[in-house]
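Everything on this sheet refers to the single structure shown next.
The values are calculated or read from the model by the stated rules, or taken from the named source; none is laboratory data. None of these values were measured; they are calculated from a predicted model. All Cβ positions, even for glycine, are placed from backbone atoms using ideal geometry, and neighbour counts span all protein chains on display. These area figures cover heavy atoms from the full protein model, side chains too; ligands, DNA and RNA do not enter into them. Shrake-Rupley method; radii C 1.70, N 1.55, O 1.52, S 1.80 Å.
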Amino acid sequence: MGTGYDPYFLSGKHSIPLPALLGNTASGALDLGKVFDFCHFSIVMNRQTKFAIFSAACVDKSKAIPITRDNTSWHFDDRIGIENQVGPEYYAENEYDRGHLTRRKDVCWGEPREAKQANYDSFCYANIALQHHNFNTGIWNCLEDWVLERVSTQRLIVITGPIHKAEDEEYCGVHGAPGCAVRVPFGFWKSVFYLDDKQQVACLSFLIRQSPERSNNRCEYQRLITYQVPLATISKEAELQFEASLYEKNPLYRRVSFATPAHDLPAPRLKRIWHPADIVLDES
């Protein structure tokens, strides 16, 4: 039975360590940043926001097994504690979905028993965040499909997390009283690591600002503001430090000379994503 994040998942020659916690991310981490392992992914929790700081998954497209989705697998993780996870009452009678950080179908691979365990584990509330319905069923779902469409390699590492701002709206559920300290994330980030055709590590990073605005096209990026960004931008926005050599593996590394908060960055310092073809895979 496979379990947890494997830094050598891409290759025994290339390690992708989990990012280190910095600043407010470090001070707010649950159990000093303890890593909680699940089947094919691992999570580090924030005790203040009660959401994951990040969820890091190992994805093997060649061993994928289709597992039927059901709505009976939602659960808390006893190791983390119910008090440290945002539960079902925050997702009821509103337009917020229980949005997976690590995607369910990404970790459904391996032996049938293994894939079923990974499917169940992905429904843990530690792997869930408040995502507006239009966001969760639209671009958040489309983005990784588009990445998988552009990247031919079978194995990937996908690390994902929320972005929080001081001005994030407090949301205590339809029937909750103010003071719950649960806040709707400003947006979300995703970094994908894989081996290119030269068997060298490559990295693609994205930042999506969450918005309740409606769109008739579920993959429309204009209103929901999606960017491909340098890995350094993820570090700044999420207060995380990746292994130093990984920053230059991002194709935008040499195109951008510094990292500014993403919502303030005009083109061409960010790469706006409208279609799969817009995703930059190399520096050319």
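Filtering L156, L130 for residues that are within 19 Å of T49 (Cβ to Cβ) and not in a helix (DSSP H, G or I) leaves a single hit, L130. The residue of the range 98-112 that is most open to solvent (accessible area, probe 1.4 Å), among those that are outside any loop (DSSP other than H, G, I, E, B) and among the hydrophobic types (A, V, I, L, M, F, W, C), is W109.
A quick yes/no check of all residues on (1) in contact (Cβ under 8 Å) with a residue 24 or more places away in the chain; (2) of a type outside the set (F, W, Y):
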{"position": "H132", "(1), (2)": "yes, yes"}
{"position": "L143", "(1), (2)": "yes, yes"}
{"position": "R150", "(1), (2)": "yes, yes"}
{"position": "D168", "(1), (2)": "no, yes"}
{"position": "Y171", "(1), (2)": "yes, no"}
{"position": "P178", "(1), (2)": "no, yes"}
{"position": "P185", "(1), (2)": "yes, yes"}
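When you scan the range 115-127, how many residues do you find that are part of a helix (DSSP H, G or I) and in contact with a Phe, Trp or Tyr (Cβ under 8 Å, 6 or more places away or on another chain)?
From the range 115-127, those part of a helix (DSSP H, G or I) are 115-122, 125-127; that's our starting set.
Filter again for in contact with a Phe, Trp or Tyr (Cβ under 8 Å, 6 or more places away or on another chain), leaving 115, 118, 121-122, 125-127.
Of the residues in the range 115-127, 7 are part of a helix (DSSP H, G or I) and in contact with a Phe, Trp or Tyr (Cβ under 8 Å, 6 or more places away or on another chain).
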